[in-house]
Amino acid sequence: MKLLVTGGLGFIGSNFVRWSLKRYPTLRIVNLDLRTYAGNPANLKGMEGASRHRWVKGDVADPKTVDRAMKGADAVVHFAAESHVDRSILDASAFLRTNVVGTQVMLDAARRHKVRRFVHVSTDEVYGSVEAGESVETDPLLPNSPYAASKAASDLVARAAFITHGLPVMTTRCSNNFGPYQFPEKALPLMVTNWIEGKPFPLYGDGLNVRDWVHVTDHCRAVDLVLRKGKPGEIYNVGGTASLTNKKLVGLVRGIMGVDESLVTPVTDRKAHDRRYAVDCEKLRALGFRHETTFELALRSTIKWYRDNAWWWRPLKNRGDVKTYYKKNYAGRGRA
Ligand code: NAD
Ligand code: TYD
């Protein structure tokens, strides 16, 4: 099979490329990625089956580039996106272009190229904050951040491509991922790398927001399952195995790393900070999905990975554009 993956230099996309090439010895992957601030060829360093992988540098919102990359593809897995909520609060423009226009361009090209399967990778954040219970796939979309709004819009254009044109699109909506190669702007890698450096972790608001953590390999397995067995036009929630307040997560990581409480700084909350996400995964389980990782073990091995791979994250944190972003996002926040 020849697979077109978009965003395969990012956190989840690169884990998916690595995992898939190892799992399927004859699989070939074309990886269309613009290499934005979050795209990093080092994420694929030393991977098994590298000769069956080809990176095409380009924009998913550019129809010509997409056409070239999609030639001969049997299926598409679309990860490419602007993915960080805090950045979308500072400036939403790239989110609309990549996440919405980019998804439409990908869907149109898939139709022209008669692609047999298309997985659109989305997020549980499209449901908005869930005070109680669990979101099911038919729930209304009530996104609160510009990031979530752009992903909700992309889910709707994916749905329209199925309804209008019969394009065999499946959408996945996953909860918070963690694992190796996650950009050190997201909560968990920021926390772990700051503490390795002896710096505080800025905890937003009262720290009681709840996220449902899934190891990135389990997410990759879910996406692969939906690619192979999902029903065209359907949406599949992908949840984790640990529903935790940020305070609780901070406590667990502090315990594993032996970090003092003084390295947690409560800061002014994120605007429109969703209180809780939770998804019902019955549909995915009916396809045969089971988690293979245990949260505590996966958390320990992830922390160890960041300890052992400072060569990967240190240059990213020291990059000028990343320092400018940290300043913009955190400088104005007083202590909560
Ligand atoms: P990421 O920010 O780490 O990576 C995004 C990748 O997309 C980068 O390699 C970047 O270079 C590429 N990209 C961005 N704009 C592009 C463009 N215009 N053209 C081509 N490539 C472009 O993101 P991630 O955390 O790996 O998330 C991947 C996908 O999974 C996203 O669609 C995201 O919404 C979704 N998702 C993420 C999480 C999570 O916890 N990280 C949870 C659920 C869903
Ligand atoms: P994040 O990794 O940005 O994922 P998302 O907002 O998409 O769920 O954040 C996870 C949680 O951690 C979220 O509730 C916000 C919180 N958070 C902090 O408390 N401090 C931080 O510096 C960051 C980046 C996030």
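The values are calculated or read from the model by the stated rules, or taken from the named source; none is laboratory data. These figures come from a predicted structure and were not determined experimentally. Every residue, glycine among them, receives a Cβ derived from its backbone with ideal geometry; neighbour counts consider all protein chains shown. Ligands, DNA and RNA are stripped out before the accessible areas are found, and what is left, the full protein with its side chains, is counted by its heavy atoms. Shrake-Rupley method; radii C 1.70, N 1.55, O 1.52, S 1.80 Å.
Things worth noting here:
- The tail of the calculated P(r) for the chain beyond 24 Å holds 53 percent of all Cα-Cα pairs.
- Extending 7 Å from Cα along the Cβ direction at D308 and again at E261 yields two label points whose distance is 3.3 nm.
- Cα gyration tensor, region 33-183 - rounded (a/c under 1.5), prolate or oblate: oblate
- Surface exposure of the chain, expressed per residue as accessible area with a 1.4 Å probe, stands at 42 Å².
- Long-range HN-HN contacts of R276 with modeled amide H, under 5 Å: V130, V210
- Here the accessible area is traced with a 1.4 Å probe on the protein chains. For the chain, carbon and sulfur cover 53 percent of it.
- Put the Cα centre of region 26-52 next to the Cα centre of region 186-216 and the gap is 27 Å.
- Along region 265-271 the Karplus relation, 6.51 cos²θ - 1.76 cosθ + 1.60 evaluated at θ = phi - 60°, assigns HN-Hα couplings of 10, x, 10, 3, 5, 5, 4 Hz to successive residues, with x for each Gly and Pro.
- Of R290, R276, R211, the one that fluctuates the most in a GNM where the chain has Cα springs shorter than 10 Å: R290
- Rounded tilt (10° steps) of 11-23 against the dominant C-alpha axis of the chain: 60
- With R₀ fixed at 41 Å, the C-beta to C-beta distance from E197 to R23 puts the FRET efficiency at about 0.70.
- For region 83-148, the relative contact order works out to 49 percent when only alpha carbon pairs closer than 8 Å and six or more residues apart are counted.
- Label-to-label distance, nm, for residues given as R270 and L90 (7 Å Cα→Cβ offset): 1.4
- Amide H partners (placed H, <5 Å) of Y204, local residues excluded: V267
- When each of K248/K327; K199/K248; K151/K186; K248/K323 is checked by Cα-Cα distance, pairs over 24 Å: K248/K327; K248/K323
- Whole-number percent relative contact order across the chain, with pairs defined as alpha carbons under 8 Å at least 6 apart: 17
- Were the residues from L142 through T241 laid out at 0.36 nm apart, the gain over their Cα-Cα distance would be 33.3 nm.
- Helix 246-257 axis, angle to the chain major axis (alpha carbon atoms, nearest 10°): 80
- Dipole orientation for region 66-146: of the candidates Y127, L90, M70, M70 has the Cα lying most toward the positive pole (charges on Cβ; Lys, Arg +1; Asp, Glu -1).
- Solvent-accessible surface (1.4 Å probe) assigned to K271 amounts to roughly 150 Å².
- 3J(HN,Hα) along region 227-236: 4, 8, 10, x, 9, x, x, 8, 10, 10 Hz, from the Karplus curve 6.51 cos²θ - 1.76 cosθ + 1.60 with θ = phi - 60°, whole Hz, x for Gly and Pro.
- Placing a label point 7 Å from the Cα of R228 along the Cα-to-Cβ line, the residues of region 26-43 whose backbone N sits under 13 Å from it are 26-27.
- Per-residue HN-Hα couplings for region 300-307 [Karplus 6.51, -1.76, 1.60; θ = phi - 60°; Hz; x = Gly/Pro]: 4, 6, 5, 4, 4, 4, 5, 4
- Dipole moment magnitude, nearest 20 debye, the chain about Cα centre, only Lys, Arg, Asp, Glu C-beta charged: 1140
- Relative contact order for region 144-259, counting Cα pairs under 8 Å that sit 6 or more residues apart, in percent: 35
- Gyration tensor (Cα) of region 171-308, equivalent ellipsoid semi-axes in angstrom: 29, 17, 12
- Full extension of the chain segment joining K64 with T324 gains 90.3 nm, where the gain is 0.36 nm per residue of separation less the Cα-Cα distance.
- Compared with the dominant Cα axis of the chain, that is its longest principal axis, helix 320-330 is turned about 60°.
- Local charge for T65 was computed over the other residues whose Cβ lies under 15 Å away, with Lys and Arg +1 and Asp and Glu -1, and equals +3.
- What the Cβ-Cβ distance of E282 and R116 gives, at R0 = 35 Å and to the nearest 0.05, is a FRET efficiency of 0.85.
- Distant-in-sequence amide contacts of T293, defined by a placed amide H-H separation under 5 Å and a gap of 5 or more residues or a different chain, comprise nothing.
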